[in-house]
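Enquirer: Supplied in structure tokens, the structure appears directly below.
The values are calculated or read from the model by the stated rules, or taken from the named source; none is laboratory data. Predicted model, so just to flag it, every value in this text is computed and none were measured. Because the Cβ atoms are built from the backbone with ideal geometry, glycine has one as well, and the counts that use them run over all protein chains shown.
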Amino acid sequence: MFNTPSSAPIHLDFSRVKRLNAEGFLLVVAELQRCVSATYGRHPLTCTHSVNDKVCQVFEQIELGKFLGTSTGATPADDDVVHWRFVQGRRVEGEKYEAVLSDFNDELPESMQESLFIGITEAMTNVANHADELPRADGFSFTCLEKWWMFSQYRDGRLTVTFCDLGAGIPRTLPIKRPALAKLMRRLGWYDDANAIRHSIKDSISRTQEDHRGKGLGQIARLVDSTPGAFVNILSNAGVYGRSAQISGGVGHKRRNYRDSIFGTMIVWSIPIQKQEES
Amino acid sequence: MNHVKVATDFSRYPAGRFLKDGPFSGEAFRNKFLEPKLLAGEVILVDLDGTRGYGSSFLEEAFGGLVRHGYDADRVLRLVQLQSKRESLQQEIRGYIRDATRDS
């Protein structure tokens, strides 16, 4: 894309898109915005919309048409579309909690609203504080310093909040922030992306007075612990660490490494709630 | 006694650690409300209720940061009085003050 002749238009073809996954689509939106920023808008975007009405409704619901400069003509009406919310920002903007979650004030217990506010703003703080530690590892030098993107979605009795940044990722910043831990993990042969995420969180939760920074990751991960059926997945580069509050009590953990990296960090909180129907 | 209600005098959305993070960070709160009173040796009552919440980054920098900036922890605990429906929040803040160590 970046080797195209000056001011050549870039065409995005969504015609064969039939279904949108919130996490994947959030990354697409973030990457698109990064590309446009990187080229200073020199390359006008053109777009072929999906023939799928649901996909078009989502485009309109999150106002992607404004960014792409073209409307699908669809009207968001379906129940699984009208509860999508999208915001983006830079550094820490706590007030943007309301843009994605104020619709759920009646359904979420006050303690969960508070936990979500804390989790989201700590994620923003991490983006702001670690943006300049390392360049992104995708081979392209343009950085989206301190930027983040966030979706919320209500579907099938679950509220899902997805937050992402396009930074260096936890596995690459851990050796800078916690060199002793990273060194120990390497010596034991544990150092992969999923384990780096897991141990960063574990370290953050258990940290006491030795370091005044870095407790936020623990708050991000633990906010689901007291809500049976809730879970959080933290994807960073090629790894994912998941934490879930079991219906039977206790907290479950999972981790996995993928072949490819997302070159950044994505946090997905999923919480079971009963949305009251609007009259 | 000096009194500050965070939700109305500062922000309903306090968040972030440093000034560079945003306008309602822990450092901003410390600079604006806490340090001037401590410098003057005055007691300040901080009413914590009414905000959306407090992340550890904000709290640690606002209160623990006082100790790093040279104020004795006992003096901070004596002059900065906390008010909240949630005792656990007050305990968390006192913990940050006790745990913070002075920057050399």
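Enquirer: Looking only at region A:143-165, count how many residues are surrounded by 21 or more Cβ atoms within 10 Å (Cβ to Cβ) and over 23 Å from A:ILE118 (Cβ atoms).
Expert: Going through region A:143-165 one residue at a time, the tally reaches 1.
Enquirer: Consider A:THR173 carefully, then state whether it is within 18 Å of A:GLN61 (Cβ to Cβ) and not assigned by TED's automatic domain parsing to the domain that holds A:TYR40. It would help to see each step written out before you state the result.
Expert: On the way: within 18 Å of A:GLN61 (Cβ to Cβ): no; not assigned by TED's automatic domain parsing to the domain that holds A:TYR40: yes.
Criteria not met by A:THR173.
Enquirer: Being away from every other protein chain (no Cβ under 12 Å), at positive phi, out of contact with any helix residue (DSSP H, G or I) (no Cβ under 6 Å at 6 or more places or on another chain) and without any contact (Cβ under 8 Å) to a residue 60 or more places away in the chain, is that true of even one residue in region B:66-85?
Expert: Within region B:66-85, one or more residues are away from every other protein chain (no Cβ under 12 Å), at positive phi, out of contact with any helix residue (DSSP H, G or I) (no Cβ under 6 Å at 6 or more places or on another chain) and without any contact (Cβ under 8 Å) to a residue 60 or more places away in the chain.
Enquirer: Restricting to region B:26-53, give me the number of residues that are at the interface with chain A (Cβ under 7 Å from one of its Cβ atoms) and of a type outside the set (D, E, K, R). Quick ask: steps written out before the conclusion?
Expert: So the first thing to find is which residues in region B:26-53 are at the interface with chain A (Cβ under 7 Å from one of its Cβ atoms), and the list is B:52-53.
If we keep only those that are of a type outside the set (D, E, K, R) as well, we get B:53.
Residues in region B:26-53 being at the interface with chain A (Cβ under 7 Å from one of its Cβ atoms) and of a type outside the set (D, E, K, R): 1 in total.
Enquirer: Sort out which residues of region A:14-58 are out of contact with any strand residue (DSSP E or B) (no Cβ under 9 Å at 6 or more places or on another chain) and in a helix (DSSP H, G or I), and write them in order of number.
Expert: A:GLY24, A:VAL28, A:GLU31, A:ALA38, A:ASP53, A:LYS54, A:VAL55, A:CYS56, A:GLN57, A:VAL58
Enquirer: Residue by residue through region B:45-56, note down the ones that are out of contact with any Asp or Glu (no Cβ under 6 Å at 6 or more places or on another chain) and crowded, with 20+ Cβ neighbours inside 10 Å. Full working, then the answer.
Expert: Quick first cut of region B:45-56, residues out of contact with any Asp or Glu (no Cβ under 6 Å at 6 or more places or on another chain) only: B:45-52, B:54, B:56.
Scanning region B:45-56 gives B:VAL46, B:LEU48, B:THR51, B:ARG52, B:TYR54, B:SER56.
Enquirer: Consider A:GLN153 against the criteria (1) out of contact with any strand residue (DSSP E or B) (no Cβ under 7 Å at 6 or more places or on another chain); (2) more than 14 Å from chain B (Cβ to nearest Cβ): it satisfies all of them except one. Which criterion is unmet?
Expert: A:GLN153 satisfies every listed condition except (1).
Enquirer: While we're on this one: Against the condition within 14 Å of chain A (Cβ to nearest Cβ) and crowded, with 21+ Cβ neighbours inside 10 Å, how does B:ARG12 come out, does it pass? Steps first, answer last, please.
Expert: Numbers: within 14 Å of chain A (Cβ to nearest Cβ): yes; crowded, with 21+ Cβ neighbours inside 10 Å: no.
In short, no.
Enquirer: I'd like the residue in region A:111-150 that is closer than 30 Å to A:PRO272 by Cα and among the aromatic types (Phe, Trp, Tyr) and, out of all such residues, is farthest from the other protein chains (Cβ to nearest Cβ).
Expert: Looking at the filtered set, the residue picked out is A:TRP149.
Enquirer: Looking at A:VAL100, A:VAL127, A:VAL92, which is the one that is touching a residue at least 40 places away in the same chain (Cβ under 8 Å), surrounded by 24 or more Cβ atoms within 10 Å (Cβ to Cβ) and among the β-branched types (Val, Ile, Thr)? Don't jump to the end; show me each part of the working.
Expert: Numbers: A:VAL100 fails: surrounded by 24 or more Cβ atoms within 10 Å (Cβ to Cβ); A:VAL92 fails: touching a residue at least 40 places away in the same chain (Cβ under 8 Å).
Within the list A:VAL100, A:VAL127, A:VAL92, the selection yields A:VAL127.
Enquirer: Go through (1) within 26 Å of A:ALA123 (Cβ to Cβ); (2) out of contact with any helix residue (DSSP H, G or I) (no Cβ under 7 Å at 6 or more places or on another chain) one by one and return the number of the condition B:ALA40 breaks.
Expert: Result: B:ALA40 fails condition (1) only.
Enquirer: So for region A:196-217 (the condition being among the aliphatic types (A, V, I, L, M) and surrounded by fewer than 19 Cβ atoms within 10 Å (Cβ to Cβ)), does at least one residue qualify? Talk me through it step by step, then tell me what you get.
Expert: Filtering region A:196-217 down to residues among the aliphatic types (A, V, I, L, M) leaves A:196-197, A:201, A:205, A:217.
Those left that are additionally surrounded by fewer than 19 Cβ atoms within 10 Å (Cβ to Cβ): A:205.
Yes, region A:196-217 has at least one match.
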